[in-house]
Amino acid sequence: MLRDCRTAGRPDLLNPSVRAWLGSIAVLAALVVVALGLLYAGVGEPGAVDARLSVLVDRAGPTWRHVALATDFLGEPLGAAALVAAAVAGCLALRSPRAAVLVVAATGISVGATKLLKPVVARTIHGENLSFPSGHTAFLTAFALVVALVATGRLGLGRPAGTALVLAAALVAGGAMGWAQVLVGAHYPTDTLGGFCTALAVVPATAWLVDRTADRVEPKADAGRRQGR
């Protein structure tokens, strides 16, 4: 039975109204990552789908290349750190330490997962550069998912609206970064799909873990503060 999304006035990060849907999507996303990893293991060239999509992306003019480079910066260490720091500050200003922890944990685990998978899959681009899955795409997708999850909980959105907001945020962020990575030549299109699905698989599980951990820790901390008064 689903627990009320508020315990001692603290909303769960993974809102019960979207929990089941996101859980199913996370499992499907993980399967896609596994399937793509097996398909492109040890491959050092684009597949048929990559070739078709790359042709479409490469038609972009100089102005769009500048946009792509700016988007790519958001996944670089400095740009990513700035985004995470701003989000953490916003979460703390809203008195939501759970959300602040999730921002750091979900983006960090998503990127970490891509780094672990790259040598396992051993897909390469431009020689010996490991490419699958895309860490930049995983980062921005995870970041957008976390922001949307927090917004869904704070706005009290139901299942249709909440799920739509979360998926739309993931698609826009993942699509933008995936497009940028292909345009700047850093990844094949299927690499970016792998990064997108990695974030979809990681973020719901991380949100559930943060919620369960906080549910155990916060009551003890509250009891300790009351005893210290």
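The values are calculated or read from the model by the stated rules, or taken from the named source; none is laboratory data. What you see is a predicted model, and the numbers here were worked out from it, not measured in a lab. Here the Cβ positions follow ideal geometry from the backbone for every residue, glycine too, while neighbour counts run over all protein chains shown. Surface areas here come from the heavy atoms of the whole protein model, side chains and all, with no ligands, DNA or RNA. Shrake-Rupley method; radii C 1.70, N 1.55, O 1.52, S 1.80 Å.
Below is a table of values for the structure above.
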read-out	value
Residues of the stretch 40-50 satisfying the condition of being farther than 16 Å from residue 124 by Cβ and open to solvent by less than 70 Å² (accessible area, probe 1.4 Å)	48
Test: residue in the stretch 131-138 that is out of contact with any Pro (no Cβ under 9 Å at 6 or more places or on another chain), under 21 Å from residue 213 (Cα atoms), surrounded by 14 or more Cβ atoms within 10 Å (Cβ to Cβ) and at pLDDT 95 or above	no
Residue among 175, 194, 153 that is touching a Pro at 6+ places or on another chain (Cβ under 9 Å), part of a helix (DSSP H, G or I), small (Gly, Ala, Ser) and modelled with pLDDT of 95 or more	194
Test: residue in the stretch 89-99 that is modelled with pLDDT under 95, outside any loop (DSSP other than H, G, I, E, B), within 26 Å of residue 147 (Cα to Cα) and of a type in the set (D, E, K, R)	yes
